[in-house]
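**Student:** I have a structure I would like to understand better, so I am pasting it below and will then ask my questions one at a time.
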Amino acid sequence: MTPTSPLKVAVGGAQPYSIAIGPGVLGQGAALAAHVRGRHVLLLSDSEVAPLYLDTLRTCLLAARPDLEIGQYVLQAGEASKTLQEFANVIQALAALGATRDACVFALGGGVVGDLGGFAAACWMRGVDCVQLPTSLLAMVDSSVGGKTAVDIPAGKNLVGAFHPPRAVFADTSVLATLPPRELRAGLAEVVKYGALGDAGFLAWLEQHAEALLAGDQAALAEAIACSCTHKAAIVERDPLEKGERALLNLGHTFGHAIETEQGYSAPGRDALNHGEAVAVGMVLAAALSARLGLADAADAQRLQQLLLRLQLPVRIPAGLDPQALLARMRLDKKNVAGQLRLVLWRGVGRAEVISGVDEADVLAVLAAG
Ligand code: GLY
C-alpha cells in the first residue's frame, strides 16, 4: 500500500465529509487518525478482510496516534452476519472498550461490515463517529457513501437501521486486486447505474474503458469510483433522507431485489445472482419496460445491455424464476404507494425518473420476456 495522491470527493450537507480514493489510502495513518476525536477506536471487519488488512490498519493508526485505545471485532464474512445479534455483539465490543462519546468505529470491509458498523456507531451513546473503509467495489461506489446503515431481520433486508453519515470514507483501490473477479464485476454494475441514471457522458466513458476496468486497471477504477461517488454525493446532499430524488439510486433495484428475494438472500446457490448481478438484470428490465411504455428508445436499452455484457454481467432473469412470483415480490417494494407500483424507469440514457402507477400487465410482459 504505497501512499499516492488520492482523488477526493466532497459530500456536502448538514454533516459534510470527504471520500479519499486511490491506492494506498488505507496506509495513511495520519489521515485516518485525524478523524478520531477521542482515544477510543473500534476496528470492525470480517473473517475474509481482517486477515489481509486489519493488523496494518492498527499499526498505521498507532504510529500516528500512540495514545489510541483500539479494540476490534471480526464478523463471519457474508450477509448472514448482518443481524441484530451481531449488532449487539459490536455494541458489546464498544462497551468492553469503554468507548466514550468521542469514540470512532472504523468499518473495514464490504457492505455488510459498513452497514453494521455504521448502525452500531449510530446507536452507541446515541451516535459516535464512523469512518468507512470499503474494501469491495460495490461498497466503494454505493453503501459506504450516503449514511444508510442497517441490519436485516427475518421479515426483510435492511428493515432496522438509521441514517448516520460517516465522518470520512477511504476507498483504497489497491485492495481491489484481491477482490474475486465476480465481485469486481458486481461492483461495476453499480458503477454503470450512475451513468444510466444521470450521466450519458459517463456511460460513454465506461464504454471506452470497459476492458481496462475489467482488468482491474487502478487509474480507470479510481476514476470510475470518483465519478460514481460524485454522482451519489450530489444526490444524497440534496435528498439525504430519501424523500424524493434519492430513490433514483434504486434504478434496477426493484427488479433486482425481486430476483434476489426469489432465489433466497442469505445463502444464494452457486448459480444464483449476487446483488450487483441482480441489479444488472434489473437495469436491463427497467430499460426494456421504459421502451415498452414509450418513454425511451429501444436502442437505449440495447446500448445498456451491450455495455453490461462487455462487463461480463448477466442481462437475463435466471432460469426457473416465475414472472408472477417476481411481480408479487415487486408489489412489496418500499417505493410503492397506495397499492400502485412505483418504479425507477428512464427517458433514455442518463435520464432516470420515478414513475408511478405502472400497469402490472406491462411489468409482467417484460418479466416474461426477460
Ligand atoms: N443504495 C442506495 C442509497 O444509498 O440510497
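The values are calculated or read from the model by the stated rules, or taken from the named source; none is laboratory data. Since this is a predicted model, take the numbers as computed values, not measurements. Cβ: placed from backbone, ideal geometry, glycine included. Neighbour counts: every protein chain shown.
**Student:** Looking only at segment 239-255, how many residues end up being in a helix (DSSP H, G or I) and among the acidic types (D, E)?
**Tutor:** Count: 1.
**Student:** Name the residue that is nearest to L307 (Cα to Cα), counting only residues in segment 189-213 that are of a type in the set (D, E, K, R) and away from the ligand (no atom under 16 Å from the Cβ).
**Tutor:** E207
**Student:** Moving on. Identify all residues within segment 52-68 that are surrounded by fewer than 17 Cβ atoms within 10 Å (Cβ to Cβ) and not aliphatic (A, V, I, L, M); write none if there are none.
**Tutor:** Here is the first cut: in segment 52-68, the ones surrounded by fewer than 17 Cβ atoms within 10 Å (Cβ to Cβ) are 52, 55-56, 59, 62-64, 66-68.
Matches in segment 52-68: D55, T56, T59, P66, D67.
**Student:** I would also like to ask the following. Quick one: in segment 164-178, of everything that is over 16 Å from the mean Cα position of the chain (by Cα) and not hydroxyl-bearing (S, T, Y), which residue is surrounded by the most Cβ atoms within 10 Å (Cβ to Cβ)? First the steps, then the outcome.
**Tutor:** From segment 164-178, those over 16 Å from the mean Cα position of the chain (by Cα) are 167, 174-175, 177-178; that's our starting set.
Among the residues that remain, those that are also not hydroxyl-bearing (S, T, Y) are: 167, 175, 177.
On the way: R167: 21, V175: 23, A177: 11.
Result: V175.
**Student:** Working only within segment 287-305, note down all residues that are in a helix (DSSP H, G or I), more than 20 Å from E360 (Cα to Cα) and in contact (Cβ under 8 Å) with a residue 24 or more places away in the chain.
**Tutor:** Once the filter is applied, which keeps residues that are in a helix (DSSP H, G or I), more than 20 Å from E360 (Cα to Cα) and in contact (Cβ under 8 Å) with a residue 24 or more places away in the chain, segment 287-305 yields D300, R303, L304.
**Student:** Separate question: If only one of G147, G161, G110, G114 is surrounded by 24 or more Cβ atoms within 10 Å (Cβ to Cβ), touching a residue at least 40 places away in the same chain (Cβ under 8 Å) and within 16 Å of the ligand (Cβ to nearest atom), which one is it?
**Tutor:** Result of the check over G147, G161, G110, G114: G110.
**Student:** If I ask for residues that are part of a loop (DSSP other than H, G, I, E, B) and of a type in the set (A, V, I, L, M, F, W, C), which ones from segment 124-137 would you list?
**Tutor:** Within segment 124-137, just V128 meets the criteria.
**Student:** Give all pairs with beta carbons closer than 8 Å in which a residue from segment 82-94 that is surrounded by fewer than 19 Cβ atoms within 10 Å (Cβ to Cβ) meets a residue that is among the hydroxyl-bearing types (S, T, Y); count only pairs at least 6 apart in sequence or on separate chains.
**Tutor:** Final answer for the pair search is N89/Y73.
**Student:** Can you name the condition, by its number, that D271 falls short on among (1) part of a helix (DSSP H, G or I); (2) away from the ligand (no atom under 13 Å from the Cβ); (3) surrounded by fewer than 20 Cβ atoms within 10 Å (Cβ to Cβ)?
**Tutor:** If we test D271 against (1) part of a helix (DSSP H, G or I); (2) away from the ligand (no atom under 13 Å from the Cβ); (3) surrounded by fewer than 20 Cβ atoms within 10 Å (Cβ to Cβ), just (1) comes out false.
**Student:** Output the residues belonging to segment 219-231 that are of a type outside the set (G, A, S) and either outside any helix (DSSP H, G or I) or within 19 Å of E183 (Cβ to Cβ) (or both).
**Tutor:** As a first pass, look at segment 219-231 and keep what is of a type outside the set (G, A, S): 221, 223, 225, 227, 229-231.
If the condition is that a residue be of a type outside the set (G, A, S) and either outside any helix (DSSP H, G or I) or within 19 Å of E183 (Cβ to Cβ) (or both), then L221, I225, C229 are the ones that fit.
**Student:** If you don't mind, there's one more thing I want to ask. Outside any loop (DSSP other than H, G, I, E, B), more than 16 Å from the ligand (Cβ to nearest atom), at pLDDT 95 or above and touching an Asp or Glu at 6+ places or on another chain (Cβ under 8 Å): which single residue out of A121, A96 fits that description?
**Tutor:** Values: A96 fails: touching an Asp or Glu at 6+ places or on another chain (Cβ under 8 Å).
Only one candidate qualifies: A121.
**Student:** What is the one condition in (1) touching a residue at least 60 places away in the same chain (Cβ under 8 Å); (2) away from the ligand (no atom under 13 Å from the Cβ); (3) outside any helix (DSSP H, G or I) that G216 does not satisfy?
**Tutor:** (1)
**Student:** If you go through segment 219-245 one residue at a time, how many are away from the ligand (no atom under 14 Å from the Cβ) and under 17 Å from G350 (Cβ atoms)?
**Tutor:** So the first thing to find is which residues in segment 219-245 are away from the ligand (no atom under 14 Å from the Cβ), and the list is 219-227, 230.
Keeping just the survivors that are under 17 Å from G350 (Cβ atoms) gives 224, 227, 230.
Going through segment 219-245 one residue at a time, the tally reaches 3.
**Student:** Does any residue in segment 235-248 that is in contact (Cβ under 8 Å) with a residue 60 or more places away in the chain come within less than 7 Å, Cβ to Cβ, of a residue that is more than 12 Å from the ligand (Cβ to nearest atom) and assigned to a loop (DSSP other than H, G, I, E, B) six or more places away or on a different chain, and which pairs are these?
**Tutor:** Final answer for the pair search is E237/G12; E237/G13; P240/G13.
Every residue, every condition in (1) more than 24 Å from I235 (Cβ to Cβ); (2) at pLDDT 90 or above; (3) β-branched (V, I, T), yes or no:
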| site | (1), (2), (3) |
| --- | --- |
| D271 | yes, no, no |
| L321 | yes, yes, no |
| M330 | no, yes, no |
| D333 | no, no, no |
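To keep it simple, each residue is scored yes or no on (1) in contact with a Lys or Arg (Cβ under 8 Å, 6 or more places away or on another chain); (2) closer than 16 Å to V131 by Cα.
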| site | (1), (2) |
| --- | --- |
| A20 | yes, yes |
| P23 | no, no |
| A30 | no, yes |
| C60 | no, yes |
| A63 | no, no |
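**Student:** Next up: Which members of segment 126-144 meet the condition of being among the β-branched types (V, I, T) and free of Cβ contacts under 8 Å to residues at least 40 places away in the same chain?
**Tutor:** Scanning segment 126-144 gives a single hit, V128.
**Student:** Residue check: is A291 away from the ligand (no atom under 16 Å from the Cβ), more than 30 Å from G216 (Cβ to Cβ) and surrounded by fewer than 17 Cβ atoms within 10 Å (Cβ to Cβ)?
**Tutor:** no
**Student:** Also, quick follow-up: Of A258, A325, A278, which residue is in a helix (DSSP H, G or I), of a type in the set (G, A, S) and within 16 Å of the ligand (Cβ to nearest atom)?
**Tutor:** Testing whether each residue is in a helix (DSSP H, G or I), of a type in the set (G, A, S) and within 16 Å of the ligand (Cβ to nearest atom) leaves just A278.
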